[in-house]
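Chemist: Below are the structure tokens for one structure; questions will follow.
Values in this text are rule-based calculations from the coordinates and carry no lab data. Source: prediction; values computed, not measured. So basically every Cβ, Gly included, is an ideal-geometry build from the backbone, and we count neighbours across all protein chains shown.
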Amino acid sequence: MPLFSIVKNSIKYWFFEKEERIYRKLIQTVLFCQQILEKLKYF
């Protein structure tokens with residue numbers, strides 16, 4: 001039983017890590033696009 005819960009927790013942790021990384025990448029991309037749009041406005 002403890003082994004099962006360890007495995008379950010690590011899977012959960014792994015998914016969380018992955019989602020967080022994807023989320024961060026998404027935010028970075030959005031910010032980057034906003035910066036580009038701001039620069040384009042000045043031209």
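Chemist: At 222 nm, what helix-only mean residue ellipticity would the chain give, in deg cm²/dmol to the nearest 500, using -39500 (n - 2.57) for each DSSP H run of four or more?
Modeler: Per the formula, -35500 deg cm²/dmol.
Chemist: Less than 19 Å apart at the alpha-carbon level, and either on another chain or at least 8 residues along: which lysines does that give for Lys8?
Modeler: Output for Lys8: Lys18.
Chemist: What is the distance in Å between the Cα centres of segment 16-43 and segment 1-15?
Modeler: Each part reduced to its Cα centre gives a spacing of 32 Å.
Chemist: Please compute the modelled spin-label separation between Leu3 and Glu20, points set 7 Å along Cα→Cβ, answer in nm with one decimal.
Modeler: 2.8
Chemist: While we're on this one: Note the angle between two axes, namely the Cα long axis of helix 2-42 and the longest principal axis of the Cα atoms of the chain, as a number of degrees from 0 to 90, rounded to the nearest 10.
Modeler: The angle comes out near 0 degrees.
Chemist: Over all directions, how big on average is the projection of the convex hull of the alpha-carbon atoms in the chain, in square nanometres?
Modeler: Computed as one quarter of the Cα hull surface, the answer is 2.3 nm².
Chemist: Between Lys12 and Lys39, 0.36 nm times their residue separation minus their Cα-Cα distance comes to what?
Modeler: So the extension gain works out to 5.6 nm.
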